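A.B. asks: One structure coming up, written as structure tokens, with questions to follow.
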Amino acid sequence: MLKDAPCEVILLGGVYQKKSESMVGPLTRQCIQQVHFSKAFIGIDGWQPETGFTGRDMMRTDVVNAVLEKECEAIVLTDSSKFGAVHSYSIGPVERFNRVITDSKIRASDLMHLEQSKLTVHVVDI
């Protein structure tokens, strides 16, 4: 897939997690600090109004929080099943995010809470 990519792909160093197909660890965090980007698409494992966005893996959550320290547009990309779930590690704060992209199965109450948090929500029909 990467060899056919129409754009330049930058791979970050670190430990490769097979299950999530992501790079994690201190080397990944250090690499993030050395690059500049304007948009970050971020996956989450859970969200509730009381807790905000959460993750189930400490190392992945640390990498996401390193990305959020950058001055970039932060876009949550997730399916509606994550809303209502809470996991151990905080991702955020919610105010650091700009947009959420999710599917049309999101509950109306969750959509309302996201919008009340000043997030722009894009709902995609499935």
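A.B. asks: Mind checking the dipole of the chain: about its Cα centre, +1 per Lys or Arg Cβ, -1 per Asp or Glu Cβ, Debye to the nearest 20?
C.D. replies: 220
A.B. asks: Please report the antiparallel percentage of the DSSP beta bridges confined to the range 21-124, to the nearest 5.
C.D. replies: DSSP beta bridges in the range 21-124 are roughly 30 percent antiparallel.
A.B. asks: Which of the listed residues, Val35, Phe53, Ser22, is farthest toward the dipole's positive end in the range 1-81, when Lys, Arg count +1 and Asp, Glu count -1 at the beta-carbon?
C.D. replies: Farthest along the dipole direction, towards plus: Ser22.
A.B. asks: Sticking with this structure for a sec: Can you list the lysines whose alpha carbon sits under 20 Å from that of Lys39, skipping same-chain ones fewer than 8 residues off?
C.D. replies: The qualifying lysines are Lys70, Lys118.
A.B. asks: Right, another one. When Rg is the radius of gyration of the Cα atoms in the chain and Rh is its Kirkwood radius, what does Rg/Rh come to? It would help to have the intermediate numbers written out before the result.
C.D. replies: Details: Rg = 14.9 Å, Rh = 15.4 Å.
Rounded to two decimals, Rg over Rh is 0.97.
Only the coordinates and a few stated rules stand behind these numbers; no lab work does. The model shown is predicted, which means the values in this text are computed figures rather than measured ones. Reconstructed Cβ throughout: ideal geometry from the backbone, glycine too, with neighbour counts over all protein chains shown.
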